[in-house]
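Readers should treat all values here as calculations from the given coordinates under stated rules, not as data from a laboratory. Note that the structure is predicted; figures quoted are calculated from it, not measured. Note that each Cβ is placed from the backbone with ideal geometry, even for glycine, and that neighbours are counted across all protein chains shown.
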Protein chains: 2
Amino acid sequence: MEITFLGTGAGIPSTKRNVSSAALRLDSGDTWLFDCGEATQHQILSASITLSKITKIFITHLHGDHIFGLPGLLGSRSFQGGQSELVIYGPKGIKSFLETALRVSNTHLRYPLRIEEIEDGIELNEKGFTIRTGLLEHGIESYGYRVEEDEKPGTLHADKLMQLGVKPGPIYKKLKDGESIELDGHIIRPTDVIGPAIKGRCVVICGDTRYSNRAVDLAKGADLLVHEATFSQDKQTLAHDYYHSTTVEAARVANRAEVSWLIVNHISSRYQDEDERQLLNEARAVYPNTDIAFDQMTFQIPLKKTGSI
Amino acid sequence: MEITFLGTGAGIPSTKRNVSSAALRLDSGDTWLFDCGEATQHQILSASITLSKITKIFITHLHGDHIFGLPGLLGSRSFQGGQSELVIYGPKGIKSFLETALRVSNTHLRYPLRIEEIEDGIELNEKGFTIRTGLLEHGIESYGYRVEEDEKPGTLHADKLMQLGVKPGPIYKKLKDGESIELDGHIIRPTDVIGPAIKGRCVVICGDTRYSNRAVDLAKGADLLVHEATFSQDKQTLAHDYYHSTTVEAARVANRAEVSWLIVNHISSRYQDEDERQLLNEARAVYPNTDIAFDQMTFQIPLKKTGSI
Ligand SMILES: [Zn+2]
Ligand SMILES: [Zn+2]
């Protein structure tokens, strides 16, 4: 599983940071997009992402810098031969926006499109994942998505099985399914030959928001939290007034939610290269395991290490 | 007057050609945009165009690759402090598209926006210009715009006036206004000291279309015709079926309309660098004074030379 940041700027595009979008690539190869600002499809041209592999798009909120790339991306996905269903989740209004854009532009998609308007605290079940929505504080409805991967069964230890004289075949399956077996008068239990279950990963991606305890609740214990940090520490009042967060506020959310890793994004274009090192330092002073996202950066999200038997 | 091509590709963006937009910069400094595909505002970041100087946007037709950049550009123009009125002309439907996008995204523009839905054969009067619309053939309503600059009064020849002993002052204004004057018993007529009127330039920018006699009519005698050439000469049937033109068809329009200059754009992404030389040659074989547009190319549109007195 890996996350690629396609747009990490705030409000308007700059030559360095495009408006918001991030792509979560699953182990299955499917890609889930989070937000789709204008020119997300252009950013994808330079990334190793295929439009037809995008199967879900999660919209955090309806500000233009998070949705104006949707109609074009939908059209291009069709133009390039995408045929599999695409599901878009987003706040109320997303359906009317997309339906009007597609109708007026006479865009006929050659794949099924499903648009689901979300609310606070709902649970979405996708193959191998559970996604929960959490309302944040951004003046308009803005959500975070908590993506939890299902637990995976532990690994069958082939060496150990060989030692015990168990040959590959239906017995393997019995053990995997949790049944004990008898072999030459010995009982072999699944726990003797199968490692512990592999915990699923948990990634929380927040939309624009002020510092909010709702974000803390949503992010509780996550492996990765992606949180906006539009402003530097000294702009706390400005951030509050405009329903955005500072670097330190993002770090405080990570701290209180006891996540393992924080990536900040949605950086105001007022900050230049030198400033960005400073932004990162501000966050790290509060929550050390912080990274700052740049456009086209990809971060691996590793499976959690588990003890071996 | 100059024209900058911001997007010269067809249908979907490629790394080399963005979707459609061209900017006509007037001598006054005002800029008129023709079409506004997705990421036009991004292209503008690398051009010497200021969003606040864009005062009119002319939309040829409502296909996504010609309009999906509008909502973002409108928002950014406001964000960057644009306060002057912006007028958008386009086919029926443009109003509903924009109003929905701005409403859903909660975009509040800090300047007056006027949206005018056009029809075939109407005349728009803008300071110093007359613009006429002409319906083309593209399956959906698609227009060309004929932009005619008003004739400008000839230059007052200061040397000649000095020779005749006329001093700068109210007499200059009388002559400019077409009145003859008497000085020391001599009659001085305006034509003695003012050059011939300077003819206005005429630029015709067509939206997507098949070969069409309507385009010929609209472009009659223009100084510059911008016409699509989505396909090469050998794809004539394909072009016809998809309501697009070939290189040769664009050149034929230029020829029949007896324009002075043709620039082709809206080039399919199937053509690579080597092919594009070939596309140009095909058009030039029919109409020699042809150029092919690339993104970020600017062409000067000079005043017509007039005889001096
Ligand atoms: Zn926002
Ligand atoms: Zn078209």
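For labels at A:LYS152 and B:LYS220 in the simple 7 Å Cα→Cβ model, what's the distance in nm?
Those two pseudo-labels are separated by 7.2 nm.
How compact and how long is chain B, expressed as Rg and Dmax of its alpha-carbon atoms in Å?
Cα-based Rg and Dmax for chain B come out at 22.1, 74 Å.
Would you list which lysines come within 18 Å of B:LYS160, measuring only between C-alpha atoms, while excluding same-chain residues fewer than 8 positions from it?
Here the lysines satisfying the reach criterion relative to B:LYS160 are B:LYS173, B:LYS174, B:LYS176.
How many angstrom separate the Cα center of segment B:87-114 from the Cα center of segment B:37-58?
When both Cα centres are located, 16 Å separates them.
Highest mean first, how do A:258-265, A:222-229 rank when packing is the count of other Cβ atoms within 10 Å averaged over residues?
Ranked from most to least packed, the peptides come out as A:222-229, A:258-265.
For B:GLU276, put the label point 7 Å out on the Cα→Cβ axis and report which residues of segment B:1-43 keep their amide N under 16 Å from it.
Correct set: B:4-22.
Going by average Cβ neighbours within 10 Å, how do the peptides A:62-75, B:289-302 rank, with the highest at the top?
In decreasing order of mean packing, A:62-75, B:289-302 become A:62-75, B:289-302.
Dividing the Cα radius of gyration by the Kirkwood radius, what Rg/Rh value follows for segment B:34-73?
Here Rg/Rh amounts to 0.95.
Before rounding to the nearest 500, sum -39500 (n - 2.57) across all DSSP H runs of length at least 4 in chain A and divide by the residue total; then give [θ] at 222 nm in deg cm²/dmol.
When only DSSP H runs of four or more count, the value is -7500 deg cm²/dmol.
Label position 7 Å from Cα toward Cβ: report the copy-to-copy distances for B:GLU85 in nm, one decimal, ordered from shortest.
For B:GLU85, the inter-copy label distances come out at 5.0 nm.
So for the pair B:THR50, A:GLU119, with labels modelled 7 Å out along Cα→Cβ, what separation do we get in nm?
Between B:THR50 and A:GLU119, the simple spin-label model gives 4.9 nm.
Determine the sum of side-chain charges near A:VAL286: Lys and Arg each +1, Asp and Glu each -1, restricted to other residues whose C-beta is under 11 angstrom from that of A:VAL286.
Residues near A:VAL286 contribute +1 overall.
Most mobile of A:ARG214, A:ARG110, A:ARG189 per a Gaussian network model of chain A (Cα springs, under 10 Å)?
So, out of A:ARG214, A:ARG110, A:ARG189, the one fluctuating most is A:ARG189.
Principal axes first, then extents: for the Cα atoms of segment B:183-228, list largest minus smallest coordinate on each axis, whole Å, largest first.
Extents along the principal axes, in whole Å: 65, 14, 9.
Mind checking which lysines have their Cα closer than 18 Å to the Cα of B:LYS53? Skip sequence neighbours fewer than 8 apart in that chain.
B:LYS127
Using a cut-off of 13 Å between beta-carbons, work out the net charge of the residues near A:GLU116 (Lys and Arg +1, Asp and Glu -1, A:GLU116 not included).
With Lys, Arg at +1 and Asp, Glu at -1, the neighbours total -1.
By how many nm would the segment from A:SER260 to A:PHE79 grow when fully extended, if each residue of separation counts as 0.36 nm and the alpha-carbon distance is taken off?
Stretched out fully, the A:SER260 to A:PHE79 stretch lengthens by 61.1 nm.
For segment A:203-309, count the residues as N, evaluate 2.2 N^0.38 Å, and divide the Cα radius of gyration by that value, please.
The value comes to 1.07.
Sort shortest first the distances from B:GLU151 to its counterpart in every other copy, using label points 7 Å along the Cα-to-beta-carbon line, and give them in nm.
Copy-to-copy label distances at B:GLU151, shortest first: 8.8 nm.
Could you work out, for the protein assembly as shown, what percent of all Cα-Cα pairs fall into each 20 Å distance bin, beginning at 0 Å and stopping at the bin that holds the largest distance?
Bins of 20 Å from zero give 18, 40, 26, 12, 3, 1, 0 percent of pairs.
Other chains' Cβ within 10 Å of A:33-42 residues: what's the mean?
Mean shielding count: 4.
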